[in-house]
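**Q** The structure's right below; bear with me while I get my questions together.
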Amino acid sequence: MSTPTSMLDLDRFRATPLQHEPFDFLCVPGFVKRERLEALHRDYPKVDKPGSIPLGVFPQGPAFDALIEELRGAAVCQAFSEKFGLDLSRYPTMFTARGMCRATDGKIHPDSASKIVTVLIYMNPPWEASGGRLRVLRSPNLEDYAAEVPPDEGTLLCFRRSDTSWHGHHSFEGRRRAVQMNWVRNSVYIWHEQWRHRVGAWLKNRTGGAPAHY
């Protein structure tokens, strides 16, 4: 059950059915409570480069810290475990944040095999652009989609990773915020990815950016 101090509406999450076609996924608008959005916008990491950025690379505030702490917590792990029929408490979690999108982003992919469940929480004003809306795909064809998710503030999209969990979006360039959490198979993968993303962030500061996906 969601508590008065919670930033997340776990009751809404539990009440949303898991979709099984084309793969296990669900979308929950309003997953982040509306009254918490203003503080989260203020305290979101000041990411001004494209790509997945490890937490701590850019300044972030206390409301964002509280969001990450809650996402790491037992209640969230239990809710997602029940939804996907997995014991996710056995696996470590990895977090990154995105702030900017390039025209070359959004390429179709299924996610790395080291990931078990991917969670995206979007933090943007109501989305009017036609690009940048993540599509849940039946095949590696961007027009063969089962769902399209605008990256509106507080919206959750999560899915069980598989070899066919294809997703991507049409081109968009500009600010596009998303927190990504993954349950992954081992901590070595987290170390490798955090190192890779930190190096990537350093290179982006020098070269102006590189492609990203979400």
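The values are calculated or read from the model by the stated rules, or taken from the named source; none is laboratory data. None of these values were measured; they are calculated from a predicted model. Ideal geometry is used to build each Cβ from the backbone, glycine not excepted, and the neighbour counts take in all protein chains shown. The accessibility values were calculated without ligands, DNA or RNA, using every heavy atom of the protein model including side chains. Shrake-Rupley method; radii C 1.70, N 1.55, O 1.52, S 1.80 Å.
**Q** What about PRO125, is it within 22 Å of GLU173 (Cα to Cα), buried (at least 16 other Cβ atoms within 10 Å of the Cβ), more than 14 Å from the chain's Cα centre (by Cα) and not charged (D, E, K, R)?
**A** Details: within 22 Å of GLU173 (Cα to Cα): yes; buried (at least 16 other Cβ atoms within 10 Å of the Cβ): no; more than 14 Å from the chain's Cα centre (by Cα): yes; not charged (D, E, K, R): yes.
Taking the combined requirement at face value, the residue does not satisfy it.
**Q** Helices (runs of 4 or more DSSP H) wholly in the range 1-77 with at least 1 residues that are among the β-branched types (Val, Ile, Thr) and within 21 Å of ARG98 (Cα to Cα) - which ones?
**A** The qualifying helices (runs of 4 or more DSSP H) are 62-72.
**Q** Determine, yes or no, whether LEU10 is farther than 29 Å from SER162 by Cβ, modelled with pLDDT of 95 or more and open to solvent by less than 50 Å² (accessible area, probe 1.4 Å).
**A** Details: farther than 29 Å from SER162 by Cβ: no; modelled with pLDDT of 95 or more: yes; open to solvent by less than 50 Å² (accessible area, probe 1.4 Å): yes.
Considered against the rule, which asks whether it is farther than 29 Å from SER162 by Cβ, modelled with pLDDT of 95 or more and open to solvent by less than 50 Å² (accessible area, probe 1.4 Å), LEU10 comes out as no.
**Q** Can you name every residue in the range 128-146 that is assigned to a strand (DSSP E or B), hydrophobic (A, V, I, L, M, F, W, C) and open to solvent by 20 Å² or more (accessible area, probe 1.4 Å)? Don't jump to the end; show me each part of the working.
**A** Going residue by residue through the range 128-146, those that are assigned to a strand (DSSP E or B) are 134-137, 145-146.
From what's left, hydrophobic (A, V, I, L, M, F, W, C): 134, 136-137, 146.
Listed by number, the list holds a single entry, ALA146.
**Q** Please determine whether any residue of the range 47-69 is touching a Gly at 6+ places or on another chain (Cβ under 9 Å) and among the aliphatic types (A, V, I, L, M).
**A** So the first thing to find is which residues in the range 47-69 are touching a Gly at 6+ places or on another chain (Cβ under 9 Å), and the list is 47-53, 58.
Cutting the leftovers down to among the aliphatic types (A, V, I, L, M) gives us 47, 53.
Yes, there is a match, as at least one residue in the range 47-69 is touching a Gly at 6+ places or on another chain (Cβ under 9 Å) and among the aliphatic types (A, V, I, L, M).
**Q** A further question follows. Among PRO110, PRO92, which is free of Cβ contacts under 8 Å to residues at least 60 places away in the same chain and not acidic (Asp, Glu)?
**A** PRO110
**Q** Would you pick out the residues in the range 78-98 that are outside any helix (DSSP H, G or I) and either within 14 Å of LEU10 (Cβ to Cβ) or open to solvent by less than 40 Å² (accessible area, probe 1.4 Å) (or both)? I'd like the intermediate steps shown before the answer.
**A** Looking only at the range 78-98, we keep the residues that are outside any helix (DSSP H, G or I), and these are 85-87, 91-98.
Answer for the range 78-98, where residues must be outside any helix (DSSP H, G or I) and either within 14 Å of LEU10 (Cβ to Cβ) or open to solvent by less than 40 Å² (accessible area, probe 1.4 Å) (or both): PRO92, THR93, MET94, PHE95, THR96, ALA97, ARG98.
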